[in-house]
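The values are calculated or read from the model by the stated rules, or taken from the named source; none is laboratory data. As the structure is a prediction and not an experimental result, all values here were calculated from the model. In this analysis, Cβ positions are derived from the backbone assuming ideal geometry, glycine residues included, and neighbour counts consider all displayed protein chains. For the accessible areas, the whole protein counts, side chains as well, though only heavy atoms, and no ligand, DNA or RNA atoms are used. Shrake-Rupley method; radii C 1.70, N 1.55, O 1.52, S 1.80 Å.
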Amino acid sequence: MTAELTGGCQCGNVKFEVNGKPMMVALCHCRMCRRAHAAPAVAWAMFQLDQVRFTRARPKSYRSSPPAQRGFCSECGTQISFVSEDLPGVIDLSVGSFDRPELLPHSLHYWDSKRLPWVNFADTLPRHAEFPPFE
Ligand SMILES: [Zn+2]
Ligand SMILES: [Zn+2]
């Protein structure tokens, strides 16, 4: 089966394929994402773990908080993934690492309570103060 979505890091060391649609695409304004990505906000697409296949090197893992691991390319440093023991069975992939990020528009914002005052996206999508209720 041909993957519908593909992506990878800046240098091409890490590549991934994803089958099917994301469970959620969101913009995160939390401080941890901001620092990890060195960016004012971070877009994430959430998938079931078994939708995602790494086809070259796997991301190197950094434990950014007790439950959470952030994956990045060990060669070029691109931030690729986020998994948390608080959300078993799912993986977030950074929308910016997809080959066609334009196919993954966000549908909500979370950690809006930490949003930088000069970051204002021109949408009227839901803005959750923290991480939204999740099933
Ligand atoms: Zn790389
Ligand atoms: Zn975040």
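Observations on the structure shown:
- Reciprocal of mean inverse Cα separation for the chain (Kirkwood radius, Å): 15.1 Å
- Distance between region 1-53 and region 59-78 - C-alpha centres, whole angstrom: 13 Å
- Using a probe of 1.4 Å on the protein chains alone, the accessible area found for Thr6 is around 50 Å².
- Thr6-Asp123 pseudo-label distance in nm [points 7 Å out on the Cα-to-Cβ vector]: 2.6 nm
- Evaluated at q = 0.15, 0.22, 0.26 Å⁻¹: base-10 log I(q)/I(0), Debye formula over Cα of region 49-117: -0.60, -1.21, -1.37
- Length added when fully stretched, Tyr62-Ser113, from 0.36 nm per residue minus Cα-Cα: 15.9 nm
- Remark: spin-label model distance Cys76-Asp50 equals 3.2 nm, labels positioned 7 Å along the Cα→Cβ axis.
- Partner lysines whose Cα lies under 18 Å from the Cα of Lys60, excluding those fewer than 8 positions away in the same chain, are identified as Lys15.
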